[in-house]
Amino acid sequence: MATHSAKHLIIGGGIIGCSIAYHLTKNGEKDVVLLEKASLTEGATWHAAGLVGQLRSSRNTTRMLKRSVAMYDSLEAETGMAFDWKKVGSLRLASTRERLLEAKRLTTMARSFDLEMEMITAEEAKNLFPYIDANGLEGAAFIPSDGHVDPASLCQAIAAGARKHGAQIRQGVKVDDFEVTDGRISKVLTSEGDYEAETVVF
């Protein structure tokens, strides 16, 4: 079989692999190849719930998720592909004084991470989501930029962006094994031949 080469070889065509290809190529990297053993999104991405929440206990993780939302906001215009991104916000309900205090602490933390989050009343929460039973509700925390998305169509849009910036995406290519030299992957053995790459991501 033929021997192929790439500067960056990505294994797996889920949302993470496609996103790596997208960001590498968008930032000017050349010779980026992604291999997927079946079709894009057929693994864990297809099963994901698609909830997009940004606040985490880590500042860096929160920053990464904020950047994801910023990408979702512009990706359809960039690629021409719709992916059902609904920026509807998220609520954290507090039915006890203790939970209300915890929500207030989270709001302070979110603001320190430069993420918009506000405390609202039980009535305001019910206005945002009428199915709530507001009896006994002390209040809620609201992040307006959270939302939900269709993971499979989002992955296809990210892949389209990666292709637009020069990535090669090859589906139906199964990785069979690796050759390791001096602690590094030196060769990737696949169903369409061997690949040599400077970096391998899987």
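The values are calculated or read from the model by the stated rules, or taken from the named source; none is laboratory data. Not measured: the values here are computed from a predicted model. Glycine also receives a Cβ, built like all others from the backbone with ideal geometry; neighbour counts cover every protein chain displayed. For the accessible areas, the whole protein counts, side chains as well, though only heavy atoms, and no ligand, DNA or RNA atoms are used. Shrake-Rupley method; radii C 1.70, N 1.55, O 1.52, S 1.80 Å.
Which residues' amide hydrogens lie under 5 Å from the amide hydrogen of E138, considering only partners 5 or more residues apart or on another chain, with H built in the peptide plane?
Placed amide hydrogens put A94, S95, T96 under 5 Å from E138.
With all protein chains present, how much of the accessible area of the range 1-131 (probe radius 1.4 Å) comes from carbon and sulfur, to the nearest whole percent? Intermediate results must be reported in sequence, preceding the final value.
Values: 4230 of 8030 Å².
Heavy-atom surface of the range 1-131 belonging to carbon and sulfur, 1.4 Å probe: 53 percent.
For the chain, what is the calculated [θ] at 222 nm in deg cm²/dmol (nearest 500), taking -39500 (n - 2.57) for each run of four or more DSSP H residues and dividing by its residue count? The partial results should precede the final answer.
Numbers: 6 runs with 74 residues, N = 202.
One gets -11500 deg cm²/dmol as the mean residue ellipticity at 222 nm.
If packing is taken as the average number of other Cβ atoms within 10 Å across a peptide's residues, how do 126-136, 17-27, 69-79 rank, most packed first?
Sorting 126-136, 17-27, 69-79 by mean packing, highest first, produces 17-27, 69-79, 126-136.
If I model a spin label as a point 7 Å beyond the Cα along the Cα-Cβ vector, how far apart are those points for D84 and R59 in nm?
Distance between the two pseudo-spin positions: 3.7 nm.
Of all the accessible heavy-atom surface of the range 144-202, with the other protein chains kept in place and a 1.4 Å probe, what percent is carbon and sulfur?
With neighbouring chains kept in place, the figure for the range 144-202 is 46 percent.
For the chain, what are the DSSP H helices with axial Cα length of 27 Å or more and mean Kyte-Doolittle hydropathy of at least -1.0? Please list the in-between numbers first.
Working: long enough: 59-79 (29 Å, -0.82).
Helices meeting the criterion: 59-79.
Taking all pairs of different Cα atoms in the range 58-116, averaging 1/r and flipping that mean, what Kirkwood radius in angstroms comes out?
By the Kirkwood definition, the hydrodynamic radius is 13.6 Å.
Given Cα positions, please report Rg to Rh for the range 131-202, the hydrodynamic radius being the Kirkwood one.
When Rh is taken as the Kirkwood radius, the ratio is 1.30.
Before anything else, pin down the relative contact order of the range 130-202: Cα pairs under 8 Å, at least 6 apart, normalised by residue count, whole percent.
Relative contact order for the range 130-202 comes out at 15 percent.
Filter K7/K164; K30/K164; K26/K187; K30/K87; K37/K187 down to the pairs with a C-alpha to C-alpha distance above 22 Å, please.
K26/K187; K30/K87
Ratio of Rg to Rh for the range 14-172, alpha carbon only, Kirkwood?
Ratio of gyration radius to Kirkwood radius: 1.07.
Averaged across orientations, what area in nm² does the convex hull of the alpha carbons in the range 78-145 project?
So the mean shadow area of the Cα hull is 5.8 nm².
Quick check: the distance between the Cα centres of the range 98-147 and the range 41-92, to the nearest angstrom?
Spelled out, the Cα-based centre of one part sits 20 Å from the other.
Rolling a 1.4 Å sphere over the protein heavy atoms, what is the accessible area per residue of the chain, to the nearest Å²?
Numbers: 11460 Å² over 202 residues.
Result: 57 Å² per residue.
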